[in-house]
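Reviewing the structure listed below.
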Amino acid sequence: MATIEGRLNRNHPQTRVAIIAARFNGAIVDNLVKGAVDIFSRSGVEAKNIDIIQVPGAFEIPIAALAAAKTGKYKGLVTLGAVIRGATAHFDYVASGATNGIMTAMQQTGVPITFGVLTTENLEQAIQRAGSTVGNKGAEAAMALLEMIDVLEQIHE
Ligand code: INI
């Protein structure tokens, strides 16, 4: 019997990744980016191998993720954004557009893309998930990405 699972203690000096970050709700997203970069740095991903791709809002994340994934340059992508219900009537469209588009980009390319897009009822919940009381979802998305990169490499071995 063989069990394949991602090793979190692996060093990643050759791993190249990109972070796709929405500028909308930038104060929140900046903290998600910091959390993701911190995890990558502590896992040995070199700063020169981390590209940060800025897009206007969460709705634009999928097209940038698809384009980045198609280049073949990246082992994986982290997507970061904050969609806050109180801020807009079109919350559901932006949130589901981002979610479905990111999943489609991942399925079309086979490149792992993790989901660090907050979808919250209000600003308070977003702040909590961006490095205060409920952890940092950017850091979690970076950890999930490193795990998936390792799982996929082992599947392909
Ligand atoms: N984009 C977000 O990332 N978060 C939001 O909460 C948000 N709201 O509230 O509207 C938002 N809207 C912008 C959207 O992502 C697009 O950038 C815009 O519609 C232009 O296509």
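Considering all alpha-carbon pairs of the chain, what whole percent are spaced by more than 19 angstrom? In whole percent, the share of Cα-Cα pairs in the chain beyond 19 Å is 50.
In order along the stretch 114-127, phi translates into HN-Hα couplings of 9, 10, x, 9, 6, 10, 10, 6, 7, 4, 4, 5, 5, 4 Hz, rounded to whole numbers, per the Karplus curve 6.51 cos²θ - 1.76 cosθ + 1.60 with θ = phi - 60° and x for Gly and Pro. With both residues required to sit in the stretch 17-151, DSSP beta bridges show an antiparallel share near 10%. With contributions of -39500 (n - 2.57) from each DSSP H run of at least four residues, the per-residue ellipticity at 222 nm computed over the chain stands at -15500 deg cm²/dmol. Between helix 61-71 and the chain there is an angle of about 20 degrees, using the helix long axis and the longest principal axis of the Cα atoms. A simple spin-label model places the labels of K70 and E46 2.9 nm from each other, with each point 7 Å out along Cα-to-Cβ.
Every number here is computed from the coordinates shown, using simple stated rules; none is lab data. Quick caveat, the model's predicted, so the values are computed rather than measured. For neighbour counting, all protein chains shown are included, and Cβ atoms are generated from backbone atoms with ideal geometry for every residue, glycine included.
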